[in-house]
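These notes concern the structure reproduced below.
Just so you know, all these numbers are worked out from the coordinates, no wet-lab data involved. Small disclaimer: the values here were computed from a predicted structure and weren't measured. Cβ placement follows ideal geometry from the backbone for every residue including glycine, while neighbour counts extend to all protein chains displayed.
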């Protein structure tokens with residue numbers, strides 16, 4: 001899921017953004033939706049790249065990357081999580097997430113975090129489905145390269 005390094009969440013703004021390129025005063029981003037609006041985000045904005053986000057586990061020395069969470073959601077729920085999740089109670093969010101990641105830290109991971117992760121998953125599934133197919137392609141090319149080196 002290397003493509004997640006080009007996708008960001010900007011604090012205070014809804015949705016996800018594709019990072020296009022650095023600019024003088026910050027970074028140029030494009031919304032991941034039908035509008036595809038571009039804007040400059042200042043260097044002072046809190047921009048979180050999805051590749052760098054991980055989820056706390058009960059083991060304080062371990063966290064799970066968001067990419068692994070997305071793959072597990074895909075495995076259990078398919079291409080989208082139904083819209084009914086928006087009306088979940090806090091306990092329903094925890095139960096939902098426990099299916100995906102049984103050892104998540106219930107003290108540090110909030111229902112709002114889980115809701116955001118589900119929303120991000122649905123956006124990525126709709127507007128960047130290649131995020132979920134890239135790992136298979138990368139794995140397929142790696143062994144060929146190793147075999148080539150062995151023959152030489």
Relative exposure of 40, 101, judged by other C-beta atoms within 10 Å (fewest first): 40, 101
Counting helices only, and only those DSSP H runs with n ≥ 4, report the 222 nm mean residue ellipticity of the chain as the sum of -39,500 (n - 2.57) divided by its residues, in deg cm²/dmol to the nearest 500. -13500 deg cm²/dmol
Evaluated at 20 °C and 1.002 mPa s, the Stokes-Einstein D of the stretch 2-50 based on the Kirkwood radius over Cα pairs, in µm²/s, stands at 200
Taking the inverse of the average 1/r across all pairs of different Cα atoms in the stretch 52-141, what Kirkwood radius in Å do you get? 13.8
Whole-Å semi-axes of the ellipsoid equivalent to the chain (Cα gyration tensor, √5λ, descending): 26, 24, 16
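Multiply the residue separation of residue 87 and residue 116 by 0.36 nm, subtract the distance between their alpha-carbon atoms, and state the gained length in nm to one decimal.
On the way: separation 29, 0.36 × 29 = 10.44 nm, distance 1.31 nm.
Difference between extended and current length: 9.1 nm.
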